[in-house]
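Novice: Structure provided below as structure tokens; questions to follow.
The values are calculated or read from the model by the stated rules, or taken from the named source; none is laboratory data. Fair warning: this is a prediction, and the values are worked out from it, not measured in the lab. Please note: Cβ atoms are built from the backbone with ideal geometry, for glycine as well, and neighbour counts cover all protein chains shown. The protein model used for the area step is the full one, side chains on, heavy atoms only, and it has no ligands, DNA or RNA in it. Shrake-Rupley method; radii C 1.70, N 1.55, O 1.52, S 1.80 Å.
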Amino acid sequence: MTASASHRPADLPERIRHFIGGEQVDSLSGATFEVLDPATNLSYGTAAAGQAEDVDRAVLAARNAFTDGPWPGLEARARARILYRIGDAIEAREQRLAELESFDTGLPITQAKGQAKRAAENFRFFGDLIVSLHDESYSVPGKQLNYVLRKPTGVAGLITPWNTPFMLESWKLAPALASGCTVVLKPAEFTPLSAGLWPEILADAGLPEGVFNLVNGIGEEAGQALVDHPSVPLISFTGETSTGQLIMQRSAAHLKGLSMELGGKSPVVVFADADLDAALDSAVFGVFSLNGERCTAGSRVLVERARYEEFAARFAERAKNVVVGPPHDPATEVGALVHPEHYRRVLGYVELGRTEATLLAGGSRPDHLPEGNYLTPTVFADVKPDARIFQEEIFGPVVALTPFDTEAEAIALANDVRYGLAGYVWTSDLKRGHRVAGSIDAGMVWLNSHNVRDLRTPFGGVKSSGVGHEGGWRSIDFYAPEHIVHVALGDVPTPRFGSKELPK
Ligand code: NAD
């Protein structure tokens, strides 16, 4: 081992609190919950556990900022200037953010470092977008001019997961704020630490008080209270499919606008004519980066039989060489899984996999890391499509390899799961590449590449992976929907009800 198992960042807050109406506050009831360091599973502190009355306070602050404050009515340029400053303020805290994120989530420090740049880019991108947005008009010459206006909806409830907490929060905050909404954010309870940076970042950038509110807490308490609140017309949620289903049911009572970014079990399809070295690098990175706790992970690798044995052997070799270590060690490639509860769930799948398929690599705790949520990168081969490790999202460093014989079989296998978030296709045949990319039931497919995003493009899943797409103007559509104004350019013929005239 090159570094000690745990590394506590300096100056951790004594207690992680809510931020409501411009103030750091505890829960009205005083309730708290313990937060664990994934490298040791020891508690490093407590966080305020928001209850319905705390959510109510936060929604009231956001509601007041929306109805009485300047934010929704500011010119796009003025909002964009603040968004750019938020981007700069995030980047200025790159080191601190990486340190807190890596400590709290167990992500390797080198991978946590990328998160500040991505979060900052989200703000800059939506700043650019909001000033350049042009809405449509429809002319009926001489008769009508119809034009689109946009109005921010009100208070948006943002509920986020623990895998890349700060970056995913920024992915919702940036378009919500760009659109003129005010917000209540409920971060994941496993990882509340980095969200504590938002109040300072947003205040430094000049965001008016009350526009941003943060309530920490358990999903079934604080999250549910936000979903149930009648003054929150929008919920943007990222998390598990089963939680998403529950939120959709409960939101029906108020017919809330919903954006649901849910789980995945994405295929990587490797044809025999692919650049195998590049496909291998990409597939290994795609499933083991971010500890495998990645919604778009390519967790099922389908390989054409002619190259299957070779590819599987090389995959296993690489997996065995992946460096598992403490999250703060710069040499670490796979760190500690986020929480013992999640770790047990992933280990359960590993045990199941031993009965369903052939274990080629990993599958156990590394010898040099006796405590904490560590798992060696795990490769199962010859996984049958009806195996649970083929069908279910594991959300850890575990991959299923399956051979195929024909293009049709590859497509059928790729689509033979309930999820449809991402897909990756590797081939040197241009025609086939496009054919297969278009045939995979997924919101997003990459051809000869791992997940590299362009912020203008649609983001989201189909089937059990999500409802609604964000990305570019689609995010603005969610937070500030279109509103059409019809203008008559002349007299409009109107039947004269009650005039006793017969229709002509
Ligand atoms: P989760 O569903 O357990 O929790 C997500 C958030 O929902 C947390 O803040 C949690 O407190 C809250 N929550 C839980 N129960 C709730 C309830 N009843 N009402 C309201 N809120 C509630 O998900 P997780 O374990 O934190 O995250 C992992 C999942 O997220 C994986 O399935 C992964 O694929 C998915 N994910 C999807 C994307 C995407 O863009 N599609 C991105 C990242 C993660």
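Novice: Tell me which residues, restricted to the range 455-468, are of a type outside the set (A, V, I, L, M, F, W, C) and at pLDDT 95 or above.
Specialist: Of all residues in the range 455-468, those of a type outside the set (A, V, I, L, M, F, W, C) come to 456-458, 460-461, 463-466, 468.
If the condition is that a residue be of a type outside the set (A, V, I, L, M, F, W, C) and at pLDDT 95 or above, then 456, 457, 458, 460, 461, 463, 464, 465, 466 are the ones that fit.
Novice: Name the residue that is farthest from residue 7 (Cα to Cα), counting only residues in the range 372-389 that are open to solvent by 10 Å² or more (accessible area, probe 1.4 Å) and touching a Leu at 6+ places or on another chain (Cβ under 9 Å). Spell out the reasoning first.
Specialist: Pass one, the range 372-389, residues open to solvent by 10 Å² or more (accessible area, probe 1.4 Å): 376, 382, 384-386, 388.
If we keep only those that are touching a Leu at 6+ places or on another chain (Cβ under 9 Å) as well, we get 382, 385, 388.
Values: 382: 39, 385: 41, 388: 36 Å.
Ranking the qualifying residues of the range 372-389, first place goes to 385.
Novice: If you check residue 359 against the conditions, is it crowded, with 20+ Cβ neighbours inside 10 Å and assigned to a strand (DSSP E or B)?
Specialist: When the stated conditions are applied, residue 359 does not pass them.
Novice: Got at least one residue in the range 460-481 being among the polar types (S, T, N, Q), under 25 Å from residue 300 (Cα atoms) and buried (at least 17 other Cβ atoms within 10 Å of the Cβ)?
Specialist: For the range 460-481, residues among the polar types (S, T, N, Q), under 25 Å from residue 300 (Cα atoms) and buried (at least 17 other Cβ atoms within 10 Å of the Cβ): present.
Novice: Now for a different question. Quick check, is residue 6 assigned to a loop (DSSP other than H, G, I, E, B), outside the structural domain of residue 190 (by TED's automatic domain parsing) and in contact with a helix residue (DSSP H, G or I) (Cβ under 9 Å, 6 or more places away or on another chain)?
Specialist: Yes, satisfied.
Novice: Quick test of your reading of the structure: residue 424 fulfils all but one of (1) within 16 Å of the ligand (Cβ to nearest atom); (2) assigned to a loop (DSSP other than H, G, I, E, B); (3) not small (Gly, Ala, Ser). Name the failing condition by number.
Specialist: Evaluating residue 424 over (1) within 16 Å of the ligand (Cβ to nearest atom); (2) assigned to a loop (DSSP other than H, G, I, E, B); (3) not small (Gly, Ala, Ser) leaves (2) as the failure.
Novice: Oh, and also: Please specify each residue of the range 216-240 satisfying the condition of being more than 14 Å from residue 161 (Cα to Cα) and charged (D, E, K, R).
Specialist: Within the range 216-240, 221, 228 qualify.
Novice: Only helices (runs of 4 or more DSSP H) wholly contained in the range 166-253 count here; list those with 3 or more residues that are crowded, with 21+ Cβ neighbours inside 10 Å and more than 12 Å from the ligand (Cβ to nearest atom).
Specialist: In the range 166-253, the matching helices (runs of 4 or more DSSP H) lie at 198-205.
Novice: Still on this model: Yes or no: residue 449 among the polar types (S, T, N, Q), touching a residue at least 12 places away in the same chain (Cβ under 8 Å) and over 30 Å from residue 342 (Cα atoms)? Full working, then the answer.
Specialist: Details: among the polar types (S, T, N, Q): yes; touching a residue at least 12 places away in the same chain (Cβ under 8 Å): yes; over 30 Å from residue 342 (Cα atoms): no.
Judged against the criteria, residue 449 is not a match.
Novice: Can you tell me how many residues within the range 260-310 are part of a helix (DSSP H, G or I), in contact (Cβ under 8 Å) with a residue 40 or more places away in the chain and among the acidic types (Asp, Glu)?
Specialist: Of the residues in the range 260-310, 0 are part of a helix (DSSP H, G or I), in contact (Cβ under 8 Å) with a residue 40 or more places away in the chain and among the acidic types (Asp, Glu).
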